[in-house]
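The values are calculated or read from the model by the stated rules, or taken from the named source; none is laboratory data. It should be emphasised that the depicted structure is a prediction, and the values quoted were computed from it without experimental measurement. Don't worry about glycine lacking a Cβ; one is built from the backbone with ideal geometry, like all the others, and counts go over all protein chains shown. Note: accessible area is taken over every heavy atom of the protein model, side chains too, but ligands, DNA and RNA are not part of it. Shrake-Rupley method; radii C 1.70, N 1.55, O 1.52, S 1.80 Å.
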Amino acid sequence: MKNALDWAARAPDAFWRDRKEARKAAKLSGRFLACVYILIYAGSYYLWEEPLNLLTSWFPPVLGALTRCIAPAAFGAAICALFWRLPVLKRGAMTAAYSFLTRWTVILLIITEWLLWGERRGQVLIFLFAVRFILAPVLIGNYTALRLYYIWWTRNKNK
């Protein structure tokens, strides 16, 4: 337990070494990466839609829906993780991009549900769309980004 608490106490200092300048650079590159990630995930869902529909047509409905939701999101997250290797980007850019995407996903979902107040069918359809095409990429991408950052941080914490 001590290691987890130690990491939680030192993580902000490791993440933002030069706080003001690094924070601005990571936020700016994170917003740019967020736009690129949206395009990557949209392309991933577009490319995988037909093959997964053919593959999962004989699956039970719940398993087919989960497969059609998670497989393109995992593929997109794997492609987005390749940006981790770019030397131009700061190490916090990937986590900043997913933080930006998470924040705006929640804000837009709340606003959309509020605007459709009283139209139950519209609210359900928007929620199902968000779960299938937005929630899976955001959750899988956040996990990937935080895991990559944690691996990098544990290897470089003594340097």
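Going through (1) assigned to a helix (DSSP H, G or I); (2) modelled with pLDDT under 75 one by one, residue 17 falls short only on (1). Restricted to segment 30-133, the set of helices (runs of 4 or more DSSP H) holding at least 1 residues that are of a type in the set (Val, Ile, Thr) and closer than 28 Å to residue 149 by Cα comprises 61-81, 93-115. So in segment 113-159, with the set limited to residues that are surrounded by 14 or more Cβ atoms within 10 Å (Cβ to Cβ) and among the small types (Gly, Ala, Ser), which one is nearest to residue 78 (Cα to Cα)? For segment 113-159, the residue satisfying everything is 141. Within segment 61-111, being open to solvent by 60 Å² or more (accessible area, probe 1.4 Å) and not hydrophobic (A, V, I, L, M, F, W, C) holds for 61, 85, 87, 90, 91, 103.
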